[in-house]
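Values in this text are rule-based calculations from the coordinates and carry no lab data. Everything quoted here is computed from the prediction, not taken from an experiment. All Cβ positions, even for glycine, are placed from backbone atoms using ideal geometry, and neighbour counts span all protein chains on display.
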Number of protein chains: 2
Amino acid sequence: MCPSQIEYMTLEQQLHEMGVNARKASRALARFSTKQKNSFLLGMADGLEKAIPVVLEANAKDMDGGKNTGLSNALLDRLMLDTKRLTGVVKAIRTVAAFRDPVGRILTTTVRPNGLTIEKIAVPIGVVAIIYESRPNVTADAASLCLKAGNASILRGGKEAIHSNLAIAQALMEGGKAAGLPDSAIQVIPMIDREAIRILTRMDKYIDMIVPRGGHNLIEAVLEGARVPIIKHAAGICHVYVDKKADLGVAEKIAINSKCQRPGVCNAMETLLVHKDVAESFLPKLGEALVQRKVEMRGDAETCRLISSAKEVTEQDWRTEYLDFILSIRVVESLDEAIQHIEEYGSHHSDCIVTKDKIASDRFLREVDSAVVYVNASTRFTDGGEFGMGAEIGISTDKLHARGPMGLDELTTFKYVVHGDGQIRE
Amino acid sequence: MCPSQIEYMTLEQQLHEMGVNARKASRALARFSTKQKNSFLLGMADGLEKAIPVVLEANAKDMDGGKNTGLSNALLDRLMLDTKRLTGVVKAIRTVAAFRDPVGRILTTTVRPNGLTIEKIAVPIGVVAIIYESRPNVTADAASLCLKAGNASILRGGKEAIHSNLAIAQALMEGGKAAGLPDSAIQVIPMIDREAIRILTRMDKYIDMIVPRGGHNLIEAVLEGARVPIIKHAAGICHVYVDKKADLGVAEKIAINSKCQRPGVCNAMETLLVHKDVAESFLPKLGEALVQRKVEMRGDAETCRLISSAKEVTEQDWRTEYLDFILSIRVVESLDEAIQHIEEYGSHHSDCIVTKDKIASDRFLREVDSAVVYVNASTRFTDGGEFGMGAEIGISTDKLHARGPMGLDELTTFKYVVHGDGQIRE
């Protein structure tokens with residue numbers, strides 16, 4: 001979109017124009033072959049590679065802005081791009097080009113007694129909007145995954161990354177267009193107004209799905225008043241339950257990995273539940289290991305008795321996604337109490353039971369209503385790459401359409417294609 | 001829910017209590033075996049069969065009310081129950097009991113290089129709310145389909161059918177409970193306040209999916225301000241396009257069937273598009289056949305020239321779901337113009353091309369973005385039964401989760417079940 005054409009439009013008019021253009025682009029994209037889409041992706045990768053100096057310049061502006069507004073070091077690190085990171089992003093786009101095309105898969109075929117052939121075929125969703133925070137690499141990742149699935153994308157990143165996001169999108173479009181990519185196939189919203197989100201979520205005429213990725217406030221801003229279907233990527237309050245029949249060596253390994261391997265992500269453990277029969281032999285040793293890893297522990301009375309460094313847990317802790325080296329711990333009376341705790345406080349993301357008892361694990365797997373349920377493995381595996389999807393747009397905490405890791409297949413919908421030779425209904 | 005316990009609660013409190021109870025019931029339902037669920041269904045069928053006189057009495061109240069408030073004869077007919085209709089409903093519940101269980105299907109299995117086994121398994125959605133109009137048989141149909149898929153249901157029918165709906169639900173629950181069905185597995189909202197819909201659609205803590213089935217006003221009332229994911233069952237503005245290479249005999253048969261076999265349903269044709277090259281040989285003959293069937297025709301200038309009884313069509317006609325013996329007709333220059341018309345005015349429900357030309361049909365099937373696209377068959381086949389799904393909860397006009405006929409499989413979601421032996425992420 002050329003700024004000189006839009007300067008006399010309201011925010012709503014500008015966004016609607018973006019929507020109209022995205023819809024048009026999506027119709028064109030749905031017609032391209034796999035080969036054509038892949039050549040667009042390779043063009044986009046080339047475009048971004050060429051534009052690395054330009055993107056770094058834009059990123060420097062965002063970094064300056066971030067420092068001036070007092071962003072934390074963690075957030076500045078997320079915002080920061082360098083040649084190495086951008087080269088990684090370019091490589092990721094080329095990897096997406098190499099994936100199989102999720103469009104055109106024949107999901108089911110039915111031949112009816114009257115001779116009708118009914119095929120359920122994967123097709124692009126159409127126009128997908130992604131609303132996300134800070135990390136500017138999401139702009140390229142999301143745009144390339146959407147494009148591979150034949151969708152036009154409308155991207156709305158955080159305002160602190162606006163220069164980086166716009167520069168990346170421009171580079172992608174320039175490279176893509178050289179390979180024939182239609183106009184407006186990828187659009188970054190240039191307006192940082194918060195109001196833009198509200199308008200976007202009501203544009204059900206032009207947008208088929210919105211994927212918000214972020215914290216509670218972002219999800220709420222998207223959800224409230226929305227008319228477009230939303231696939232939420234919200235909090236992960238993940239549990240590991242150490243059953244009375246657990247292999248305690250395995251339990252310790254899984255607990256440490258689920259908490260410490262990368263605490264700032266949604267599939268990290270936030271609460272550990274331990275059966276009372278093994279608490280005494282398990283918790284003191286685990287406590288030592290976690291102290292060494294500088295994990296702050298917050299436990300119930302029994303936990304505090306067994307781990308001297310643990311602080312007293314509050315009701316609010318059970319509901320908190322720390323995303324940090326902090327862990328809530330509770331000693332439970334039974335498997336039932338563990339399941340009940342997860343039902344009450346969990347976010348239905350990823351939960352694990354450690355046990356050698358098949359009856360206990362079967363009950364846990366069946367009764368815990370989460371996107372991913374594990375027996376004897378770290379919750380950290382909830383990830384598109386680890387699931388063999390190749391890539392992911394995120395982790396859905398919703399139940400409909402996509403649940404858990406959301407990969408290329410989940411960026412498609414389907415249509416029924418019916419072949420007849422004159423059948424009519426009697 | 002016992003009215004004496006709730007009389008001092010606000011509408012919101014009452015609905016929240018129903019939500020809490022439905023959530024509880026859904027957890028219990030998720031644990032039952034196929035055999036147990038089927039015995040609940042057979043109990044429900046028995047319960048309704050026994051209660052036929054009670055339901056007829058309740059229905060008589062609704063019919064009296066309907067006559068007093070001046071409901072049309074068509075609506076009164078939809079509202080009316082008699083022994084034959086109720087016996088049909090009872091039989092339908094027994095048929096649902098005989099269907100295969102959609103829960104527990106293993107959708108995919110992946111074994112990862114690290115030894116993790118990842119199964120994607122169909123599970124109940126949880127709590128499903130259905131909001132519908134007039135026909136009280138929907139109460140039993142929706143409740144039994146939801147139950148078969150392991151879901152608790154909250155049902156909200158039209159206020160004109162409130163006595164019938166409550167009596168049916170009570171009969172189902174009594175019969176079901178005799179077979180062990182948990183409390184609150186099926187609940188009809190007893191309050192007719194319009195406000196109840198607004199509250200319901202914001203209860204995302206207790207309700208996982210809402211399916212509104214009805215006209216524009218109902219869909220809007222559900223959609224506006226909703227927080228619960230919605231699967232819309234909205235208008236069907238379906239098209240038949242007669243291509244220049246159509247078999248005109250087949251085209252006539254399909255056009256008549258799509259329009260006349262049952263005009264009051266969403267998969268009936270509302271607009272006929274005819275290629276200019278065949279208009280002269282096709283339209284006059286079709287016009288005669290439709291006049292005989294008392295179909296009012298509204299056409300563009302060329303149609304009016306070829307069919308003398310046709311009236312002039314308006315822009316608004318192209319956007320109208322008549323649900324009646326009325327048909328809009330347009331003569332188009334090309335396949336592109338036909339596709340463009342459907343894109344502009346259609347509702348992405350069911351659209352058909354009649355042609356012997358594979359290139360034309362392939363383009364139509366690919367480029368028309370509708371739930372069901374047909375070549376050489378009546379649009380009237382968009383139906384769960386006709387698609388071999390056994391039954392349907394309705395026809396989704398949304399793109400995510402369910403699109404087109406929504407059967408038992410679409411009343412389930414999935415979870416990933418991961419088996420490990422101590423795997424951690426490196």
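Residues considered: A:A98, A:A235, A:A22. Largest GNM mean-square fluctuation over chain A, using C-alpha springs under 10 Å, is found at A:A98. Principal-axis analysis of the Cα atoms of chain B puts helix B:335-345 at an angle of about 50° to the longest axis. Modelled label positions at B:T95 and A:A98, each set 7 Å beyond Cα in the direction of Cβ, lie 5.2 nm from each other.
Applying both filters, DSSP loop and at most 14 other Cβ atoms within 10 Å, to the trypsin sites (Lys or Arg not before Pro) of region A:282-315 gives A:R293, A:K294. Among A:V228, A:V111, B:V331, the order by Cβ neighbours within 10 angstrom, fewest to most, reads A:V111, A:V228, B:V331. Shape analysis of region A:238-386 based on the Cα gyration tensor places the equivalent ellipsoid semi-axes at 20, 17, 15 Å, largest first.
Helices in the protein assembly as shown, meaning DSSP H runs of at least 4 residues, each add -39500 (n - 2.57). Divided by all residues, the mean residue ellipticity at 222 nm is -13000 deg cm²/dmol. Between the alpha-carbon centres of region B:19-54 and region B:355-377 there is a gap of 42 Å. Residues A:E288, B:E270 in ascending order of nearby Cβ atoms (within 10 Å, fewest first): A:E288, B:E270. Here the label points at A:K177 and B:E426, each 7 Å from Cα along the C-beta direction, are separated by 4.5 nm in the simple model. Placing a label point 7 Å from Cα along the Cα-to-Cβ axis, A:K294 is separated from the same position in the other copies by 8.4 nm, shortest listed first.
What the Cβ-Cβ distance of A:I106 and B:R112 gives, at R0 = 30 Å and to the nearest 0.05, is a FRET efficiency of 0.70. Computed over region B:12-169, the alpha-carbon pair-distance distribution with 10 angstrom bins reads 10, 32, 30, 17, 6, 3, 1, 0, each value a whole percent. Local charge for A:R100 was computed over the other residues whose Cβ lies under 13 Å away, with Lys and Arg +1 and Asp and Glu -1, and equals +2. Our note on the geometry: Cα centres of region B:273-302 and region A:301-335, 75 Å apart. Chain B versus the axis that turns it onto chain A: the residue with the nearest Cβ and the distance in whole Å amount to B:H401, 2. Across all directions, the average projected area of the convex hull around the alpha carbons of chain A is 25.1 nm². Once the Cα atoms are used to define both axes, helix B:34-50 deviates from the longest principal axis of chain B by about 80 degrees. In straight-distance terms, cross-link reach from A:K50 covers every one of the aspartates and glutamates whose alpha-carbon lies under 16 Å from its own, apart from those fewer than eight places away in the same chain; here that gives A:D82, A:E174. Averaged over peptide A:216-229, the number of partner chain Cβ atoms lying within 10 Å of each residue's Cβ comes to 2. Counting Cβ atoms of other protein chains within 10 Å of each residue's Cβ and taking the mean over peptide A:254-267 gives 1.
With R₀ set to 41 Å, the beta-carbon distance separating A:N217 from A:A289 gives a calculated FRET efficiency near 0.75.
State the answer as a single residue: which of A:G115, B:L172, B:A129 lies farthest towards the positive end of the charge dipole of the protein assembly as shown, with beta carbon charges of +1 for Lys and Arg and -1 for Asp and Glu, about the Cα centre. Value computed over the given set: A:G115. Over region B:238-386, Cα pairs under 8 Å with separation of 6+ residues give a relative contact order of 33 percent. Counting only Cβ charges, +1 for Lys and Arg and -1 for Asp and Glu, the dipole size of region B:75-167 around its Cα centre is about 200 debye. Given points 7 Å out from each Cα along the Cα-Cβ axis, report the A:D336 to A:K84 separation in nanometres with one decimal. Calculated label separation equals 5.4 nm. Inter-chain Cβ neighbour count for B:377-387, averaged per residue, equals 5 (cutoff 10 Å, partner chain atoms only). Sorted from shortest to longest, the distances between the A:S309 label points of this copy and the other copies are 9.0 nm, with each point 7 Å from Cα along the line through the beta carbon. Sorted ascending by nearby beta carbons within 10 Å, beginning with the fewest, A:M389, B:M9, B:M297 become B:M9, A:M389, B:M297.
Gain on full extension, evaluated as 0.36 nm per residue between A:A74 and A:V54 minus their Cα-Cα distance, stands at 4.8 nm.
Computed on region B:335-426, with alpha-carbon pairs under 8 angstrom and 6+ residues apart, the relative contact order is 20 percent.
Normalised by the number of residues in chain A, the mean separation of alpha-carbon contacts (under 8 Å, six or more apart) gives a relative contact order of 17 percent.
Calculated FRET efficiency, B:D362 and A:S308, Cβ-Cβ r, R0 56 Å, to nearest 0.05? Step by step, r from the Cβ atoms, then E = 0.20. Here B:K84 yields copy-to-copy label distances, from shortest upward, of 8.0 nm, the label point defined as 7 Å from Cα along Cα to C-beta. Distance between the C-alpha centres of region A:127-187 and region B:195-258: 31 Å, rounded to the whole angstrom. Going by alpha carbons, how many degrees (0 to 90, nearest 10) lie between the helix axis of A:248-260 and the longest principal axis of chain A? Result, in degrees: 40. Taking chain B as a Gaussian network, Cα atoms linked when under 10 Å apart, which of B:D357, B:D369, B:D300 shows the biggest mean-square fluctuation? Evaluated over chain B, the most mobile residue of the options is B:D357.
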